[in-house]
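Presented below is the structure to which this report refers.
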Amino acid sequence: MDSNNFIRSQKLLELSQRFRETKSVFQLSVDSSSNQSTQSERLKRPSRAAVLICLFEEGDDIYVILTQRSSTLSSHSGEVSLPGGRRDENDTDDIRTALREAEEEIGLDPALVDVVTVLEPFGSKGNVSVVPVIGILWDKQAFNPLPNPEEVESIFYAPLEMFLKNENRREKEIEHRGEKFLHHYFYHKTNDRVYVIWALTAGILIDTASLYQHKSFVVDTTALKIIGEVLDTLIRYLSTTSSSCGLGFYDQTTITISPPIQVEIFTLIINWPLD
């Protein structure tokens with residue numbers, strides 16, 4: 001992808017950096033020694049799949065690419081999902097699985113996607129472990145959607161922020177194998193259609209949006225300076241108190257509260273309930 005052909009927006013640059021700082025899970029490569037395991041052991045292990053959370057900017061919003069599965073599929077027919085599928089034996093890792101499936105399903109060239117992080121796996125029905133792979137589509141205009149009619153009925157986009165709002169959203173508690181789960185349903189109208197985003201897909205996108213919101217918190221520098229001064233005063237007080245008590249837990253010369261931690265504490269303070 002030639003970055004000289006378009007301008008990368010500041011919003012996407014900041015978004016990609018925040019996700020890059022997110023701890024990724026270890027990418028499991030295909031292990032040839034697994035072929036030597038017994039059949040019973042293979043049946044106990046969950047199958048592995050990966051989905052692509054492909055984000056791009058349009059207007060002032062960040063959007064994610066979603067699909068409605070074909071009504072002719074044998075499983076999850078007609079449901080909304082992220083591009084993705086089960087790992088093939090030739091896939092070297094989860095990233096390769098997600099990019100390959102996205103290319104097969106919606107015609108997304110892997111070269112257009114900048115993978116920034118991989119999230120922890122989600123468990124699903126059928127003993128399948130689903131790994132979300134987050135990627136940035138810097139040049140939306142270069143993407144020419146080509147839905148595979150055998151797998152995909154339609155392709156659409158939804159704003160990432162909607163998965164943090166209560167608007168057009170409902171919840172339902174269901175029971176599966178003796179355990180209760182809370183399912184979230186989001187109703188998104190676009191292209192004169194209403195899509196229902198729920199189950200695993202909704203859960204993955206809620207987590208992704210929550211991670212984005214948490215990392216994107218911005219604090220006024222003056223306010224951050226004030227909270228820093230308060231913390232310094234608190235440290236000095238604790239240092240004096242602990243020394244007089246002979247505890248030695250606090251040592252002013254060794255305690256350092258970094259700006260990110262100050263931000264976290266400041267976030268707690270401004271969101272502290274007053275009633």
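The values are calculated or read from the model by the stated rules, or taken from the named source; none is laboratory data. Note that the coordinates shown come from a computational prediction; the quantities given were computed from them, not determined experimentally. With ideal geometry, Cβ positions are generated from the backbone for all residues, glycine too; neighbour counts draw on all protein chains shown. Surface areas here come from the heavy atoms of the whole protein model, side chains and all, with no ligands, DNA or RNA. Shrake-Rupley method; radii C 1.70, N 1.55, O 1.52, S 1.80 Å.
Summary of computed values
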read-out	value
Listed residues S71, S124 arranged by accessible area, highest first, probe 1.4 Å	S71, S124
Accessible surface, 1.4 Å probe, highest first, among residues H184, H76, H176	H76, H176, H184
Zone residues, the stretch 115-139, relative to I174, backbone N less than 19 Å from point 7 Å out along Cα-to-Cβ	122-131
Solvent exposure, largest accessible area first (probe 1.4 Å, DNA, RNA and ligands not counted), of F181, F122, F186	F181, F122, F186
Å² per residue, accessible surface of the stretch 61-106 at 1.4 Å	44
